[in-house]
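Scroll down for the structure; my scribbles are underneath it.
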Amino acid sequence: MIEQTQQQTLKQRTIKTPISLEGIGLHSGKLVQIRFLPADVDTGVVFLRSDLPNPQPILARYDQITDTVMSSNLTNTDNQRIGTVEHLMSAIACLGIDNLVVEVSAPEIPIMDGSAMVFIETLEKAGLVTQSADKKFIQILRPVAVRHDDKIARFTPYDGFSLAFTIDFNHPAFAKEHDTFEIDFNRANFTEQIAKARTFGFLKDIEYLKSQNLGLGGSMDNAIVVDDEKVLNPDGLRFDNEFVRHKILDAVGDLYLAGHQILGAFYGYKSGHMLNNNLLKAVFSDPNNFKIVTKYDNVNSSFVNYNN
């Protein structure tokens, strides 16, 4: 059941005109084309594999995730797959886009520079347009948490959407004073504080992946690379705490696979794609955990205008 009040509401949103971009696939190392297309109300975000003879919709939903090794990967009932969706999904969430068709010429989203910024800039160029239907939100009603070993992902009720994250790497490149970051989510905060934070990996792991014919597109042009002691990228980090900021970027994308923007506070301790996905599964496993709303009473003012 969808609850609604007489308070302020926002409308669903899509892009105004089709737009394309291309980039290197992280694992294939090959050029990938993407075409973004406007979509009707209540379509959600849908991927189509343009390289396949009979592409079928791949829904950007938590229950379509079939693999969370190093990234979030979706598979439909026809066994058509699209991988590494989290950076693009975080850009779509940032702009408050509800409905979008994404045509992709490969089984993975291109890595671009390892952040979400190129996707945001491209979608902004397409223009954003409001639609006739009310925007739906998933409101967290009570605490929900999942754990794996010492890792934690948790939602608690909150009037808006906030994220806090802590990483813990026993490594000289990861300064303890930069292990934690938090943000009140809205378009401006995400664009300024999170969107440019790049994915990262360890040199030894990258070398192993390439030996397994994976990560063939990975380089210091699209990732922060760390050896046993330090960051190897000549230009260094974009933020002193870029590592944890990128984990928030990933979480925003993973959590937007809920199907609608969440109203709640997220906390992650060493969480990753698997635990983020398990948290959504836990939320939707019990209808007492959430409700779908289109209301804006009691929601903090910065979030009401989060996608303006």
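GNM remark for the chain: springs join alpha carbons under 10 Å apart, and the peak mean-square fluctuation among Leu74, Leu232, Leu59 falls on Leu232. Entry note, the chain: the mean residue ellipticity at 222 nm calculated from DSSP H runs of n ≥ 4, each adding -39500 (n - 2.57), is -6000 deg cm²/dmol after division by the residues and rounding to the nearest 500. Looking only at the range 100-131, which residues have a backbone nitrogen under 19 Å from a spot 7 Å from the Cα of Asp51 in the C-beta direction? Residues 102-114 qualify, since their backbone N sits under 19 Å from the label point. The Cα atoms of the chain cover 56, 48, 33 Å along the three principal axes, with the biggest extent listed first.
When a 1.4 Å probe is rolled over the protein heavy atoms, the share of accessible surface on the range 3-153 that falls to carbon and sulfur comes to 48 percent.
For the chain, a Gaussian network of Cα nodes joined below 10 Å ranks Ala188, Ala173, Ala197 by mean-square fluctuation, and the top entry is Ala173. Averaging over all projection directions, the Cα-based convex hull of the range 102-207 occupies 10.8 nm² in the image plane. Using the 1.4 Å probe convention, the accessible area of the range 1-91 works out to 51 Å² per residue with neighbouring protein chains retained. Restricting the trypsin sites (Lys or Arg not before Pro) of the range 1-108 to loop positions (DSSP other than H, G, I, E, B) with no more than 13 neighbouring Cβ atoms within 10 Å leaves Lys16, Lys30. Assuming a ≥ b ≥ c are the square roots of the Cα gyration tensor eigenvalues, decide whether the range 54-153 counts as rounded (a/c under 1.5), prolate (otherwise, with a/b larger than b/c) or oblate. Rounded, since a/c falls under 1.5. Taking all protein chains together, Leu203, Leu255 sort by accessible area into Leu203, Leu255, largest first [probe 1.4 Å]. Could you check how much of the accessible area of the range 168-308 is carbon and sulfur, as a whole percent, using a 1.4 Å probe? Its accessible area is 48 percent carbon and sulfur atoms. Counting 0.36 nm for each residue step from Val41 to Thr77 and taking away their Cα separation leaves a gain of 10.6 nm.
Here, the range 154-196 yields an orientationally averaged convex hull projection of 4.0 nm² when only Cα atoms define the hull. Per-residue extension of 0.36 nm, minus the Cα-Cα distance of Lys30 and Ala145, leaves a gain of 37.5 nm for this segment.
Centre-to-centre separation between the Cα atoms of the range 4-71 and those of the range 104-129: 10 Å.
Compared with the alpha-carbon gap, the fully stretched path from Phe239 to Leu216 is longer by 5.7 nm at 0.36 nm per residue. The residues of the range 193-251 present an accessible area of 51 Å² per residue when probed at 1.4 Å with all protein chains retained. The GNM of the chain, with springs linking C-alpha atoms under 10 angstrom apart, assigns the highest mean-square fluctuation among Val101, Val69, Val225 to Val69.
With a cut-off of 20 Å, note down the residues of the range 158-188 whose backbone N falls inside the zone around a label point 7 Å from the Cα of Asp205 toward its beta carbon. Only 165-181 pass the distance filter.
Along its first, second and third principal axes, ordered by size, the range 158-273 spans 45, 32, 23 Å in Cα coordinates.
The values are calculated or read from the model by the stated rules, or taken from the named source; none is laboratory data. This one's a predicted model, so the numbers in the text were calculated from it and none came from an experiment. All Cβ positions, glycine included, derive from the backbone under ideal geometry; neighbour counts span all protein chains shown. Note: areas computed on protein heavy atoms with side chains; ligands, DNA, RNA excluded. Shrake-Rupley method; radii C 1.70, N 1.55, O 1.52, S 1.80 Å.
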